[in-house]
Amino acid sequence: MADYDFLYDGEKIDVSLERTSENFTAKVGENEYDFESISNNRYRIKYEGNYHIAAVAKHNGKYYIDIDSILIELTDPTDEGFAGGAGGQAGVKDKIFAPMPGKIVKIQVEVGQEVVEKQPMVIVEAMKMENQVICRAKGIVKAINFADGDQVDTETPIIELAIEEE
């Protein structure tokens, strides 16, 4: 059994994995999940007698797990990219970046709007998954550099904030 630490929505979670050929069991807290590989980076998960389909991708120290069209984002806290949101933007709280290159599905804020930490800011579609990017600090939206439907990379901020000092 191998043990890993991840961050999920800012909270540390412990994950234990036990591999048996192409399958493995994951234990997260008190919950246990059986994974069966069905193709490259796609799995059938059994939990409490129910089956779910999951796809897994890793990019910039983050793991993106799509389970039945619900996206879960895990961060490896030992990776230098932690807390950056994208491509090495570690510690940047006044800018919102795409987690990976993709297309903007919906910008959920307007210039001049007050925002709070963990508020949804924009949805970016990448690898056929929708990624909701959240705000990392309280502030006011001072600039929106893209529009719905635009292609974005991980280096140019989608949204810029004026951070409120506490």
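The values are calculated or read from the model by the stated rules, or taken from the named source; none is laboratory data. Everything numeric here is computed off the predicted structure, so don't read it as measured data. Don't worry about glycine lacking a Cβ; one is built from the backbone with ideal geometry, like all the others, and counts go over all protein chains shown.
Would you list the strands (runs of 3 or more DSSP E) that sit entirely within region 86-166 and hold 2 or more residues that are closer than 24 Å to His59 by Cβ and free of Cβ contacts under 8 Å to residues at least 60 places away in the same chain?
On the way: elements: 102-107, 120-126, 129-134, 139-144, 159-163.
Answer list for region 86-166: 102-107, 120-126, 129-134.
Hey, can you tell me all the residues within region 46-65 that are part of a strand (DSSP E or B), at pLDDT 85 or above and over 20 Å from the mean Cα position of the chain (by Cα)? Break it down into steps so the answer makes sense when it comes.
Residues of region 46-65 part of a strand (DSSP E or B): 46-47, 50-59, 62-65.
Among the residues that remain, those that are also at pLDDT 85 or above are: 46, 50-55.
Of everything in region 46-65, those that are part of a strand (DSSP E or B), at pLDDT 85 or above and over 20 Å from the mean Cα position of the chain (by Cα) turn out to be Lys46, Asn50, Tyr51.
Output the residues belonging to region 30-46 that are of a type in the set (Val, Ile, Thr) and over 18 Å from Val15 (Cα atoms). Before you say what the answer is, go through the steps one by one.
The first filter runs over region 30-46 and keeps only residues of a type in the set (Val, Ile, Thr), leaving 38, 45.
Scanning region 30-46 gives a single hit, Ile38.
Residues are listed down the side, and each one gets a yes or a no for (1) over 14 Å from Val92 (Cβ atoms); (2) buried (at least 19 other Cβ atoms within 10 Å of the Cβ); (3) of a type in the set (Lys, Arg); (4) modelled with pLDDT of 90 or more:
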position	(1), (2), (3), (4)
Met127	yes, no, no, no
Ala143	yes, no, no, yes
Gly149	yes, no, no, yes
Asp153	yes, no, no, no
Leu161	no, yes, no, yes
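Can you tell me which residue in region 66-85 is surrounded by the fewest Cβ atoms within 10 Å (Cβ to Cβ), limited to those that are modelled with pLDDT of 70 or more and outside any strand (DSSP E or B)?
Ser69
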